[in-house]
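Taking it in order: structure first as structure tokens, then the write-up.
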Amino acid sequence: MSLIPMTYVCVVSEHNLPNLEAILCYRPQTVILIATANFTQAAKRLKDQLLATPEFARTAVLLADTEHLAGNTLANSQHWVQHALVPLLQRHATPHFLNLTGGTKPLAVALLYGHAWQECHYKALGIQDIERFVITERGPQVLTTASPLMPTVSIEQAIGLYCEALNNTSSAPSALEQQLAQQLWQGLVSQDVGLGSLFEVLNRIWSLEREEPKWQKKVITLPWSSFTHTAHVTPWLTALQQLGDQHFSFSDLSVTLPGNARANSRQQKQAAQLKSWIAGGWLEDVVYSWLSEHIPASQLSINLQTQTSDDRHSQREADILLLHKGITWVMEIKADLPPNQTLPDLENQLSSSAKRYGNTNKILFIGPELKNKLVGKNNFDSFKGRCKGNHVTLCYDKASLYKALGV
């Protein structure tokens, strides 16, 4: 789609997803960003996201000179509008549109009445429509004609307004992984004794006792006596062999599985990835498959790594990030409580990591094992209340997840 001859002025703030949506919606040839000193970096990130969008590669994105703009008083704001912004606008094509989503109240008043705008816009976070109005002699008059169709913003674009998105560490789960993940989910929900026995042994070797010398091997061979309900364990071992029969094998006498030795060879690294998937990655795949039923692929990301522009060593990875109805959601997914972590640690970890992604909603999704432990110790309701008090939604199945997202 071609760009439209107009100049679109946006006031930049800390949270600029609504600005990005509005600009993509109206497709102006020229964009002028107003950013006071505190938001210069945010304006540059907004500019980068616009120019990285193929349809906007030729858009002229200008950062207005705000050296003398504080924006905290009406007098200062009016002076800047008349002596800096208006001369800039006179050099660029009409019509001129103003987006007031960001900025201070004094600056908003100075902008509204300091220039003859074709239209003024306001785009609230999470609201799909752009509110449009004009300034008349009787004051603001709301326009009721329909806005252009709101574009689809990708999750990478939304995250890029706050930090730098790196390559995904993993792609969307394969059909086989999703199938096996759903089987594991159903097995744990139904409290299958064979799966419970297998997970108990794997958790002990790979997590609780992983540093013990006897488990520091490339492969570990266990007698069947290590398991309970052995007849029910066999089908689960057979299922896991589909992910790599060179890593899981069993005979009439023993079971062989990956050990905890440092991964050096390609095969050992594959075994480490398989261990990670069995330890909890499978639950991420379950949640991802549920989300993909309602969320477009471009607005859903699994294991996306990011870093901030001012600290190249601050890489973080989010289990799942998604953009839904103009809101960025950050999800932490836990199949069980990791060693040396407490329940408050889970909530604190999510709240801390979510800060880098801007104005977000947060979900902590726990698997059947962890939920059953909480219920058994009468801690579930209190932990759910703690999460709610810290603006984190606790989810534990498909229904609670869909309810949180409103799908």
| said: Using only DSSP helix segments of four residues or longer, with each worth -39500 (n - 2.57), what per-residue ellipticity at 222 nm results for the chain after dividing by its residue count and rounding to 500? | reply: -10500 deg cm²/dmol
| query | By how many nm would the segment from residue 341 to residue 224 grow when fully extended, if each residue of separation counts as 0.36 nm and the alpha-carbon distance is taken off? | reply | 39.0 nm
| In what sequence do 101, 238 fall when counting other Cβ within 10 Å, fewest first? | 238, 101
| Antiparallel DSSP bridges in the range 292-405: what percent, to the nearest 5? | 50
| field | residue 263/residue 292 FRET efficiency (R0 25 Å; Cβ-Cβ; nearest 0.05) | value | 0.25
| task | Could you order peptides 274-282, 223-231, 57-65 by the average number of other Cβ atoms within 10 Å of their residues, highest first? | result | 274-282, 57-65, 223-231
| Integer Hz, Karplus 6.51/-1.76/1.60 couplings in order for the range 137-142, x for Gly and Pro | 4, 9, x, x, 10, 6
| request: Please give the FRET efficiency for residue 94 paired with residue 276, using the beta carbon to beta carbon distance and R0 = 60 Å, rounded to the nearest 0.05. | output: 0.55
| Paramagnetic reach from residue 303 (point 7 Å along Cα→Cβ, amide N under 18 Å) across the range 336-359 | 336
| Sites residue 373 and residue 128 - FRET efficiency at Förster radius 35 Å, r taken between beta-carbons, to 0.05 | 0.30
| field | Among the listed pairs 334/377; 334/373; 214/373; 214/334; 214/269, those beyond 24 Å (Cα-Cα) | value | 214/373; 214/334
| said: Here are labelled values, (i) 53, 20, 19; (ii) 116, 33, 15; (iii) 49, 22, 19, and one is the computed semi-axes √(5λ) of the Cα gyration tensor in Å for what I pasted. Which one? | reply: (i)
| remark: Everything considered on the Cα gyration tensor (a ≥ b ≥ c; rounded for a/c under 1.5, else prolate if a/b is larger than b/c, else oblate), the range 4-151 must be described as rounded
| Neighbour-count ranking [beta-carbon atoms within 10 angstrom, fewest first] of 113, 357, 122 | 113, 122, 357
| field | Summed side-chain charge close to residue 227 - residues other than residue 227 whose Cβ falls under 14 Å, Lys, Arg +1, Asp, Glu -1 | value | -2
| Ranking of 199, 365 by count of other Cβ atoms within 10 Å, fewest first | 199, 365
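FYI, it's all coordinate maths here, none of it is from the lab. Predicted, not measured: the structure shown is a model, and the values here were computed from it. Because the Cβ atoms are built from the backbone with ideal geometry, glycine has one as well, and the counts that use them run over all protein chains shown.
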